[in-house]
1. Quick check: net charge around Ile97, other residues with Cβ under 15 Å of its Cβ, Lys/Arg +1 and Asp/Glu -1?
2. Give me the distance in nm between label points sitting 7 Å out from Cα along the Cα-to-Cβ direction at Lys37 and Ile22, one decimal.
3. Return, ordered by residue number, the residues of the stretch 17-48 whose backbone nitrogen is under 15 Å from a label point located 7 Å along Cα→Cβ of Asp6.
4. Could you check the spin-label model distance between Ala29 and Lys165? Points 7 Å from the Cα along Cα→Cβ, value in nm.
5. Got a sec? What order do Val95, Val161 fall in by accessible area at 1.4 Å, biggest, i.e. largest, first?
6. Taking R0 as 41 Å, what FRET efficiency do you get between Asn108 and Lys45 from their Cβ-Cβ distance, rounded to the nearest 0.05?
Amino acid sequence: SSITYDISTAANTTAETYFGGILGCAYGAPVEMSGMKSAGTITVKTNKSYAMNHKVAGFGGVIGGATAGAVISDCANSSPVTMSTSPATSNSYSVHIGGIAGRLSGGNVSISGCSNSGIITNYHYNNNIWSGYTGGMTGGIAGSIGYFSDNTFNSEISDCVNTVKVYAYRGGAGGIAG
């Protein structure tokens, strides 16, 4: 199915924002996801004419964000995950987009046996890209894992495959992790 997250009028969202093809956010408690499959299209509708003011955003084919012992295994995404506007600007905040997970942070994290075949497109533009960990991250499997400097935990991505293009307008990008 197709999912559109319309944040084009949410210019002053002061909290963290997470959207996923199956689960938006699982913060504060361990989450285990296994065998989940996301298919269709996932679009994040943004507005080019003004900057978003959010703390951190995570968009993923399967899960937008998770922390504290997340275990994600044998999941697959074939949904393109795309920001609809180029560039989508923000004032010193980060946007993380991944084929399986957008942003994983704050505890031991494991992603194994997952695959992504949906094109990942992050049109986020930050005016202050590398100041205080505010650059966007884009990855075929995970947008980011342990992105902030206080994250000193172990994390692992194993036996995962990304078979498509990963595009970042500005920030870090990688076939597996941003």
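The values are calculated or read from the model by the stated rules, or taken from the named source; none is laboratory data. Just so you know, these numbers come straight off a predicted model, no measurement behind them. All Cβ positions, even for glycine, are placed from backbone atoms using ideal geometry, and neighbour counts span all protein chains on display. The accessibility values were calculated without ligands, DNA or RNA, using every heavy atom of the protein model including side chains. Shrake-Rupley method; radii C 1.70, N 1.55, O 1.52, S 1.80 Å.
1. Taking every other residue near Ile97 into account, the sum is +3.
2. Each label point lies 7 Å from its Cα, and together they span 1.1 nm.
3. Within reach of a label on Asp6: 43-48.
4. It is 4.1 nm.
5. Largest accessible area first, the residues go Val161, Val95.
6. 0.75
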